[in-house]
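Below is one structure, written out as structure tokens; comments come after it.
The values are calculated or read from the model by the stated rules, or taken from the named source; none is laboratory data. The model shown is predicted, which means the values in this text are computed figures rather than measured ones. Quick reminder, even Gly has a Cβ in these numbers, built from the backbone with ideal geometry, and neighbours come from all protein chains shown.
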Amino acid sequence: MQIEDIKGIGPKATSLLHKLNIYETSDLLTYFPFRYNVLKKSDLNSAKQDENIVIDGRVKSIPRLYFYGRRMDKMTFQIESDSLLINVVIYNRGFLKSNFVLNDYVTLIGKYDLKHNLLVANDIRFYKLPEKPLIEPVYHLTYGLSNKSFQKYINSVIFLDIALTDYIPKELASKYHFVSKDMAIKVIHQPNDEKTLKQAILRLKYEEFFLFMLKMQYLKNQKEKDDGIARNISRDNIDSLAKTLPFTLTLDQLKCITEILNDLNSPKRMNRLLQGDVGSGKTIVAFFATYFNYLSGYQTAFMAPTEILALQHYENLKQIFKNYDIKIACLTGKMKAQEKKAILENLKTGQIDVLVGTHTLFQKQVEYKNLGLVITDEQHRFGVNQRTTLKGKGKAPDMLAMSATPIPRTYALTIYGDMDISNIKTLPSGRKKITTILKSESDIKDVLAMMLEQLKAHHQIYVIAPLIEESDKTNQEDVMKLTEKMQKAFGKFYKVGTLHGKLSSSEKDKIMTSFKNNEIQILISTTVIEVGIDVKNATMMVIFDSYRFGLSTIHQLRGRVGRNDLDSYCILISNRETERLKILTEYQDGFTISEKDFELRGSGDLFGLEQSGEMIFKLANIKKDYQILVKAKEDCEEFLKLDGATEYLEAIKFKEIMQKIADLD
């Protein structure tokens with residue numbers, strides 16, 4: 001049933017629910033609360049000064065309403081709670097005055113001023129609290145949609161006969177004594193007690209993980225069945241290309257190159273994840289894979305998350321292979337029609353060996369003659385559909401994904417269960433340690449002095465703010481405010497630029513290019529520069545409100561500096577969570593930091609400020625619920641060996657599920 005067909009949900013509510021990707025009743029029922037308010041009556045006899053309390057009682061005086069300032073009001077009255085008469089004040093809720101009726105029950109939540117026997121209420125319920133604690137679901141909603149309205153919509157469908165697929169096999173549901181799916185859905189939206197709520201949450205989390213592991217196992221099985229391109233590339237080619245490089249490969253790089261070569265020589269399709277810190281040399285490893293593929297007579301598609309990064313890869317490829325007869329082209333959205341047409345024609349006829357670009361590489365009109373290798377940079381930034389569409393451009397191209405977000409091995413093996421993993425842990429020689437310094441907001445003059453020192457040395461600086469614009473609820477430094485401050489401090493002598501997510505792609509590229517060319521000395525930015533171009537002259541990264549970020553995110557950010565043999569610095573400004581941030585002053589290794597981050601904050605930050613679309617679970621949390629995930633993984637692997645597994649997969653229409661997330665061959 002579509003939500004617009006539900007009684008009580010009009011066009012406006014439908015539009016708001018669509019913003020939350022809620023289109024059908026099943027979407028509504030599986031849109032879960034992110035937390036719960038547990039309303040339990042407070043004991044006034046033990047209440048402390050300015051403590052937040054919950055009380056109920058009868059209204060004992062007619063509310064008086066006072067107006068002041070511009071559209072501000074104050075309402076005062078008294079309630080009787082447990083034979084105590086309490087003064088109440090409520091601000092800016094004058095429109096509720098008529099709802100307070102003498103001797104009717106109300107429940108109030110707010111701060112209690114014990115000295116003056118005064119409750120400043122910020123939440124009001126026009127009913128008496130039940131004897132046992134009242135558990136209220138709270139949902140992440142959009143502007144214009146209240147929690148109360150959303151609960152009303154949930155209540156209107158929760159008892160309808162809506163068929164929701166139960167993805168937990170009966171054998172496992174019985175083994176763990178799980179409540180039914182229908183019961184779990186009802187309880188999670190209308191909990192009566194904490195015990196049954198915990199049981200419902202556990203059951204739904206396990207189901208999410210079990211289905212996820214089914215997908216992983218399926219992809220893994222498909223990979224093992226997939227016939228790839230059987231090559232016969234000599235190991236001598238590693239040495240011959242390595243000798244032409246202006247630097248020496250690290251042992252880790254050589255190990256990863258060998259693993260990739262073995263994959264390419266295997267008759268099975270490669271599906272490998274190459275992990276390594278920013279600046280660890282993943283790109284040159286990918287270039288070796290490109291070279292091996294070229295020697296086999298196949299084309300390579302090299303996909304980057306941004307045009308500016310694609311252009312950087314293009315220039316680097318041309319430089320590395322300048323003495324080879326490898327035809328390299330770059331396809332971007334800004335190209336003139338004639339230029340783009342020529343590239344597409346040459347690609348189709350096999351006159352291009354390596355094509356670099358962004359999402360343009362898998363557009364319908366892009367046809368390859370014999371695509372043999374697909375490389376994706378920053379793999380977690382591309383959805384499954386995007387990668388598999390590109391994979392589908394060739395008969396059986398090998399896949400190499402790169403990520404500068406190292407994650408713990410046990411976690412990686414679980415989440416990327418369908419991929420083989422190569423790690424680069426050692427940094428190339430000549431790379432200096434980035435000195436990381438923790439400063440409080442009161443030390444801003446010291447920070448400005450350190451910045452001036454770098455600017456006088458003709459170096460450049462990144463300044464990071466966590467917000468795009470000022471929020472009413474927070475006082476973090478935002479991009480525009482920081483830009484004003486930096487202009488005031490350095491604007492007379494140095495050029496200040498601003499980069500944030502609300503700019504168009506062309507505007508971002510223009511600013512980044514200006515920064516790369518040293519036309520901008522100070523770049524004020526949000527985390528959009530986390531995956532950026534090499535600016536070898538940038539020697540300082542200043543991060544305001546650094547407590548807002550996960551350790552892995554900050555480590556990614558600081559990897560934007562120190563890409564040279566110059567002394568480089570990362571300044572973390574924060575008055576909070578300084579113990580956590582001290583980890584970054586002690587460790588430089590991204591794998592160690594990711595372990596710490598995983599322990600402290602969970603999986604979300606391993607992917608930056610937002611999780612990958614593939615990683616988002618509606619209810620489960622990878623870090624907090626990791627043991628449930630591991631158990632679901634073990635159960636999934638065991639269950640698929642049973643005779644009834646095929647029948648179960650047909651019952652849940654598993655192939656249709658996989659079709660939605662990937663283009664199956």
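When segment 620-636 is examined, which residues are found to be in a loop (DSSP other than H, G, I, E, B) and either surrounded by 17 or more Cβ atoms within 10 Å (Cβ to Cβ) or touching a strand residue (DSSP E or B) at 6+ places or on another chain (Cβ under 8 Å) (or both)? If the condition is that a residue be in a loop (DSSP other than H, G, I, E, B) and either surrounded by 17 or more Cβ atoms within 10 Å (Cβ to Cβ) or touching a strand residue (DSSP E or B) at 6+ places or on another chain (Cβ under 8 Å) (or both), then Ala620, Ile622, Lys623, Asp625 are the ones that fit.
For Tyr112, the requirement of being surrounded by 13 or more Cβ atoms within 10 Å (Cβ to Cβ) and in a helix (DSSP H, G or I) is not met.
For segment 226-248, filtering for residues that are under 20 Å from Gly281 (Cα atoms) and buried (at least 18 other Cβ atoms within 10 Å of the Cβ) leaves 2. Restricting Ile168, Ile188 to residues that are buried (at least 19 other Cβ atoms within 10 Å of the Cβ) and assigned to a loop (DSSP other than H, G, I, E, B) narrows the list to Ile168. Regarding segment 229-244, can at least one residue be identified that is of a type outside the set (A, V, I, L, M), touching a strand residue (DSSP E or B) at 6+ places or on another chain (Cβ under 7 Å) and not in a helix (DSSP H, G or I)? Within segment 229-244 (the criterion being of a type outside the set (A, V, I, L, M), touching a strand residue (DSSP E or B) at 6+ places or on another chain (Cβ under 7 Å) and not in a helix (DSSP H, G or I)), the answer is no, since none of the residues qualifies. Condition check for Glu136 on (1) within 29 Å of the chain's Cα centre (by Cα); (2) assigned to a loop (DSSP other than H, G, I, E, B); (3) surrounded by 13 or more Cβ atoms within 10 Å (Cβ to Cβ); (4) not aliphatic (A, V, I, L, M): one failure, at (2). Among residues of segment 313-338 being buried (at least 20 other Cβ atoms within 10 Å of the Cβ) and out of contact with any Gly (no Cβ under 9 Å at 6 or more places or on another chain), the one that is nearest to Ser505 (Cα to Cα) is His313. The residue list Thr250, Thr258 contains one member that is β-branched (Val, Ile, Thr) and in contact with a helix residue (DSSP H, G or I) (Cβ under 8 Å, 6 or more places away or on another chain), which is Thr258.
Here Asn45 fulfils each of the conditions (1) assigned by TED's automatic domain parsing to the domain that holds Leu96; (2) modelled with pLDDT of 90 or more apart from (2). Just to be sure before I move on: is Thr592 modelled with pLDDT of 85 or more and not in a loop (DSSP other than H, G, I, E, B) in the structure I sent? So Thr592 does not fit the description; no.
Among the residues of segment 67-108, the ones that are part of a strand (DSSP E or B) and surrounded by 12 or more Cβ atoms within 10 Å (Cβ to Cβ) come to 21 in all.
Just one of the listed residues (Thr539, Thr526, Thr553) is farther than 21 Å from Ser403 by Cβ, in contact (Cβ under 8 Å) with a residue 24 or more places away in the chain and either in contact with a strand residue (DSSP E or B) (Cβ under 8 Å, 6 or more places away or on another chain) or surrounded by 22 or more Cβ atoms within 10 Å (Cβ to Cβ) (or both), and it is Thr539. Residues satisfying the criterion are present in segment 130-138 (criterion: without any contact (Cβ under 8 Å) to a residue 12 or more places away in the chain and of a type outside the set (D, E, K, R)). Screening segment 191-224 for residues that are part of a helix (DSSP H, G or I), over 29 Å from the mean Cα position of the chain (by Cα) and touching a residue at least 40 places away in the same chain (Cβ under 8 Å) and picking the one that is farthest from Ile154 (Cα to Cα) gives Glu224. For the structure I just gave you, tell me whether Thr248 is assigned to a loop (DSSP other than H, G, I, E, B) and touching a residue at least 12 places away in the same chain (Cβ under 8 Å). So Thr248 passes the test. Return a yes/no flag: does segment 263-272 have any residue that is more than 13 Å from Ala289 (Cα to Cα) and either among the small types (Gly, Ala, Ser) or not assigned by TED's automatic domain parsing to the domain that holds Ala286 (or both). Yes; the residues of segment 263-272 include at least one that is more than 13 Å from Ala289 (Cα to Cα) and either among the small types (Gly, Ala, Ser) or not assigned by TED's automatic domain parsing to the domain that holds Ala286 (or both).
Scanning segment 27-43 for residues being buried (at least 17 other Cβ atoms within 10 Å of the Cβ) and part of a helix (DSSP H, G or I) gives a total of 2.
Taken over segment 388-398, the residue count meeting the criterion of being at pLDDT 70 or above and either over 17 Å from Tyr294 (Cβ atoms) or not assigned by TED's automatic domain parsing to the domain that holds Gly281 (or both) is 2. Does segment 249-257 include one or more residues that are surrounded by fewer than 21 Cβ atoms within 10 Å (Cβ to Cβ) and under 29 Å from the mean Cα position of the chain (by Cα)? Checked against the condition, which is being surrounded by fewer than 21 Cβ atoms within 10 Å (Cβ to Cβ) and under 29 Å from the mean Cα position of the chain (by Cα), segment 249-257 yields at least one hit. Evaluate the following for Val101: is it in contact (Cβ under 8 Å) with a residue 12 or more places away in the chain, β-branched (Val, Ile, Thr) and under 28 Å from Leu141 (Cα atoms)? When the stated conditions are applied, Val101 does not pass them.
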